[in-house]
Ligand SMILES: Nc1ncnc2c1ncn2[C@@H]1O[C@H](COP(=O)(O)OP(=O)(O)OP(=O)(O)O)[C@@H](O)[C@H]1O
Ligand SMILES: [Mg+2]
């Protein structure tokens, strides 16, 4: 599907509202693809009330919602070795957090938990305000009720 930013955010909020936990969602796509936009929307849907800054420099932010859902948002772009990943506490994160949102999951190489969702975003060359969205299930992660998605007013 191909979505504008408002549609993508609306879809992300529904994922956050409906996703079973624990779940790891890997957000793929090049710089500026909209991974942080989507991660924020998913977090908001899950009940995160704080603003969610991009974890580009901090690598990791943790949030706890009013209903005690723990959300971890990571950006692994700057990770250069698996040692750095372990220093970040990566080994414990999928076990501790209810919802793990990982930008640049490619940097974690094979270290993602077996069961996760991959959402891949890309900008079609001719339409800079739209994003193509692809969802893949790896292993058997918790159901993503918002997928297959019905986005009101979505484009073909
Ligand atoms: N349809 C769309 N969906 C999402 N973002 C869009 C869309 N159209 C335009 N944008 C813009 O694209 C940018 C996406 O930025 P964002 O920080 O989410 O990217 P990112 O994938 O997280 O990049 P990075 O790899 O640097 O973390 C924002 O400025 C947003 O306003
Ligand atoms: Mg980002």
Listed residues 12, 95, 34; largest mean-square fluctuation, Gaussian network over the chain with Cα springs below 10 Å, found at 95
Taking 0.36 nm per residue of separation between residue 64 and residue 142 and subtracting their Cα-Cα distance, the length gained on full extension comes to 26.1 nm
Burial-style ranking of 80-90, 101-111, 19-29, average other-beta-carbon count within 10 Å with highest first, yields 19-29, 101-111, 80-90
Computed over the chain: longest principal axis from alpha-carbon atoms vs helix 5-18 long axis, angle to nearest 10 degrees, is 50
Binned at 10 Å starting from 0, the alpha-carbon pair-distance distribution of the chain in whole percents comes out as 11, 44, 36, 8, 0
For the chain, longest principal axis from Cα atoms; helix 35-46 axis from its Cα atoms; angle between them, nearest 10 degrees, is 80
Relative contact order as a percentage, the chain, C-alpha pairs under 8 Å and 6+ apart, gives 35
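Bear in mind these aren't lab numbers, they're just calculated from the coordinates by the rules spelled out. As the structure is a computational prediction, the values presented were derived from the model and not from experiment. Neighbour counts run over all protein chains shown; Cβ positions are idealised from the backbone, glycine included.
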